[in-house]
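The structure appears below as structure tokens.
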Amino acid sequence: VQLQASGGGLVQAGGSLRLSCAASGRTFSSYGMGWFRQAPGKEREFVGAIGWSGSSTSYADSVKGRFTISRDNPKNTVYLQMNNLKPEDTAVYYCAAAITLYYGSIQERYKYWGQGTQVTVSS
């Protein structure tokens, strides 16, 4: 499985961005998918995740109500819509595939990782 994240960029506080993660593999619809981020000098942290069908999601408290994860299984793509961005959201964002039905916050449960896309929020 290969994952390609895109859509990052520079945005002002209060703005929006949508990240995309395109996946290879014929069984994409069987994977739980997650988004994580890593700010400079900090540990990588959970942002949110989505189950195989798209009907189940979970989010970190810090982004709940501002970020939305969705997926388009026929297109092998998962999205992260980020609204009302804050400077503290600045980080490299990574998508990950669990290759199981898992879709939670435990990084070790994700087997494949994308290369990351930079999101910078200016104040």
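The values are calculated or read from the model by the stated rules, or taken from the named source; none is laboratory data. Treat the numbers as computed from the prediction; the structure is a model and nothing was measured. Please note: Cβ atoms are built from the backbone with ideal geometry, for glycine as well, and neighbour counts cover all protein chains shown. Ligands, DNA and RNA are stripped out before the accessible areas are found, and what is left, the full protein with its side chains, is counted by its heavy atoms. Shrake-Rupley method; radii C 1.70, N 1.55, O 1.52, S 1.80 Å.
Here are the numbers for the structure shown:
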{"item": "Alpha-carbon gyration tensor eigenvalues x 5, square-rooted, for the stretch 20-123, Å", "result": "22, 14, 12"}
{"item": "Stretchable slack from S56 to T100, in nm (0.36 nm times residue separation minus alpha-carbon distance)", "result": "14.4 nm"}
{"item": "Rg to Rh, two decimals, where the stretch 1-64 supplies the alpha carbon set and Rh follows Kirkwood", "result": "0.99"}
{"item": "Value of relative contact order over the chain, rounded to a whole percent, pairs C-alpha under 8 Å and six or more apart", "result": "37"}
{"item": "Heavy-atom surface of the stretch 1-50, accessible at 1.4 Å and reported per residue (Å²)", "result": "50"}
{"item": "Heavy atoms of V63: accessible area, 1.4 Å probe, square angstrom to 10", "result": "0"}
{"item": "Simple label model, 7 Å out from Cα along Cβ direction - E108 to S70, nm", "result": "3.5"}
{"item": "Heavy-atom accessible surface of the chain: percent carbon and sulfur, 1.4 Å", "result": "47"}
{"item": "Charge dipole of the stretch 36-123 about the Cα centre (unit charges at C-beta), most positive-ward option of T100, S62, F46", "result": "T100"}
{"item": "Charge context of E88, other residues only, Cβ under 11 angstrom, K/R +1, D/E -1", "result": "+2"}
